[in-house]
Amino acid sequence: MPVSPPPSKAIAHQRAKIANRVRFHGPDDPELAELRRKLKILELVEHFERTVDCWPPFTDEQSAKLDILLEPVRERIYQNWLASYEASD
């Protein structure tokens, strides 16, 4: 069975924020949902990065096609995610 890599510093930090919030505000604190959502986003991003890192390199043609397909949404998604993540810190 494959062993999962240890959590990144960002994930460990987010988990600590959640634990701290639960400890001092209780498990029903309304801000916990947002903290947990951010944790899931971090976990998803890291899972995606690990998965893509295992792929063989794209050919120039494949890279060009991906650039064309992703261009309309790439910047908008990143800016929205960045703004929401920075607003929480």
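The values are calculated or read from the model by the stated rules, or taken from the named source; none is laboratory data. Owing to the predicted nature of the structure, the values given are computational and were not obtained by experimental measurement. Every residue, glycine among them, receives a Cβ derived from its backbone with ideal geometry; neighbour counts consider all protein chains shown.
At-a-glance table
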read-out: Qualifying residue in region 19-26 (condition: surrounded by 13 or more Cβ atoms within 10 Å (Cβ to Cβ), in contact (Cβ under 8 Å) with a residue 12 or more places away in the chain and either part of a helix (DSSP H, G or I) or in contact with a Cys (Cβ under 9 Å, 6 or more places away or on another chain) (or both)); value: yes
read-out: Residues located in region 10-28, provided they are modelled with pLDDT under 95 and of a type in the set (D, E, K, R); value: 28
read-out: Residue match in region 59-67 (condition: modelled with pLDDT of 95 or more, of a type in the set (D, E, K, R) and surrounded by 11 or more Cβ atoms within 10 Å (Cβ to Cβ)); value: no
read-out: Sole residue being of a type in the set (A, V, I, L, M) and part of a loop (DSSP other than H, G, I, E, B), chosen from 3, 45, 73; value: 3
read-out: Residue count for region 8-31, restricted to those that are touching a Lys or Arg at 6+ places or on another chain (Cβ under 8 Å) and either within 17 Å of residue 86 (Cα to Cα) or in the same structural domain as residue 84 (by TED's automatic domain parsing) (or both); value: 3
read-out: Any hit, region 50-57, residues being surrounded by 10 or more Cβ atoms within 10 Å (Cβ to Cβ) and without any contact (Cβ under 8 Å) to a residue 12 or more places away in the chain; value: no
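Residue by residue, here is whether (1) of a type in the set (Ser, Thr, Tyr); (2) under 29 Å from residue 19 (Cβ atoms); (3) within 21 Å of the chain's Cα centre (by Cα) holds:
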| site | (1), (2), (3) |
| --- | --- |
| 38 | no, yes, yes |
| 43 | no, yes, yes |
| 52 | no, no, yes |
| 58 | no, no, no |
| 61 | no, no, no |
| 64 | no, no, no |
| 69 | no, no, no |
| 72 | no, no, yes |
| 78 | yes, yes, yes |
